[in-house]
1. So which residues in the range 28-58 are closer than 13 Å to residue 70 by Cα and of a type outside the set (D, E, K, R)?
2. Determine whether residue 53 is open to solvent by less than 50 Å² (accessible area, probe 1.4 Å) and over 9 Å from the mean Cα position of the chain (by Cα).
3. Report, ordered by the first and then the second residue, all pairs with beta carbons closer than 8 Å, sequence separation of six or more or different chains, a first member in the range 27-39 that is among the basic types (Lys, Arg), and a second member that is part of a helix (DSSP H, G or I).
4. Regarding residue 28, is this residue open to solvent by 60 Å² or more (accessible area, probe 1.4 Å), in contact with a helix residue (DSSP H, G or I) (Cβ under 9 Å, 6 or more places away or on another chain) and not polar (S, T, N, Q)?
5. Scan the range 9-25 for residues that are within 14 Å of the chain's Cα centre (by Cα), without any contact (Cβ under 8 Å) to a residue 40 or more places away in the chain and open to solvent by 80 Å² or more (accessible area, probe 1.4 Å) and report the count.
6. Would you call residue 43 in a loop (DSSP other than H, G, I, E, B), among the hydrophobic types (A, V, I, L, M, F, W, C) and open to solvent by less than 90 Å² (accessible area, probe 1.4 Å)?
Amino acid sequence: MKTVFSHIVQSRFSQSYEDVATDALAFILASSVQCRMGFMKLLRGIDSALPELTFRTQQADGGIRPDMWGSDGN
């Protein structure tokens, strides 16, 4: 089933589906405490010492540009 959202993404952002999905995830994490807590629980399963993180997307640092950064403010 095609939705308005999928139509806009496919017609306007066809070269950057991954960026659209990553930006959507960052928006959800910023908008929902429950989602952010669940995501942090998943990440802490890998590294239990992780501090609380905020997430941002598509920002370059030197010669790298990860899809998403997790930052503790430092």
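1. 29, 30, 39, 40, 43, 50, 51, 53, 54, 55, 57, 58 - these are the residues of the range 28-58 that are closer than 13 Å to residue 70 by Cα and of a type outside the set (D, E, K, R).
2. When the stated conditions are applied, residue 53 passes them.
3. Within 8 Å, the pairs are 36/29; 36/30.
4. yes
5. 1
6. Numbers: in a loop (DSSP other than H, G, I, E, B): no; among the hydrophobic types (A, V, I, L, M, F, W, C): yes; open to solvent by less than 90 Å² (accessible area, probe 1.4 Å): yes.
So residue 43 fails the test.
The values are calculated or read from the model by the stated rules, or taken from the named source; none is laboratory data. The structure presented is a predicted model; accordingly, all values stated were derived computationally and were not measured. Don't worry about glycine lacking a Cβ; one is built from the backbone with ideal geometry, like all the others, and counts go over all protein chains shown. When the accessible area is computed, the model is the full protein with side chains, heavy atoms only, and any ligands, DNA or RNA have been set aside. Shrake-Rupley method; radii C 1.70, N 1.55, O 1.52, S 1.80 Å.
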